Amino acid sequence: MGVTRLRGVNVVDWNLVYTGQSYQAKKDDHICFDSTASFYITLPLNPSEGDRVKVTDVGGDCVNNNITVLRNGKKMMKQDADDIIQVNYATIIYTFLNEDFGWIKEFVSLGII
């Protein structure tokens, strides 16, 4: 696992995790969520600059069963607040930038509202 560089582009070798329950994320995890209840993803405790975690709602029901992404003591987009995913079929990549910004979000797919 890690980051591979191909023709000037960084490619992440994702560790696929398919779950329907709360989960402690690790660097390079791609967490595919499918559940009939809300659940939590806790981001890594001691991230390094550039660490990534990808979250996908494969069940398509996080409008009703929210995915709460816990920041684990770091900032989220410069805020001291966790993130809640409430868009069906959404895919979001959380990348740790630095201590000031914390985790930033990249919307890969906004799914179906």
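The values are calculated or read from the model by the stated rules, or taken from the named source; none is laboratory data. Keep in mind that this is a model prediction, so the values were computed, not measured. Reconstructed Cβ throughout: ideal geometry from the backbone, glycine too, with neighbour counts over all protein chains shown.
Some points to look at:
- Some residue of region 4-15 being surrounded by 15 or more Cβ atoms within 10 Å (Cβ to Cβ) and at pLDDT 95 or above: no
- Among the residues making up region 75-98, none is free of Cβ contacts under 8 Å to residues at least 40 places away in the same chain, among the aromatic types (Phe, Trp, Tyr) and closer than 14 Å to ILE41 by Cα.
- Restricted to region 20-37, and to residues there that are of a type in the set (S, T, N, Q) and surrounded by 15 or more Cβ atoms within 10 Å (Cβ to Cβ), the residue that is farthest from GLY102 (Cα to Cα) is SER35.
- Residues in region 76-112 that are closer than 13 Å to GLU49 by Cα and part of a loop (DSSP other than H, G, I, E, B): GLU99, ASP100, PHE101.
- Residues in region 93-113 include at least one that is closer than 16 Å to TRP14 by Cβ, at pLDDT 95 or above and not aromatic (Phe, Trp, Tyr).
- Whichever residue in region 45-89 is touching a Cys at 6+ places or on another chain (Cβ under 7 Å) and more than 15 Å from LYS105 (Cβ to Cβ) and, among such residues, is surrounded by the fewest Cβ atoms within 10 Å (Cβ to Cβ): VAL58
- For region 58-74, the set of residues classified as closer than 13 Å to THR42 by Cα and either part of a loop (DSSP other than H, G, I, E, B) or of a type in the set (D, E, K, R) (or both) consists of ARG71, ASN72, GLY73, LYS74, listed by residue number.
- Scan region 70-105 for residues that are on the phi > 0 side of the Ramachandran plot and small (Gly, Ala, Ser) and the total you get is 2.
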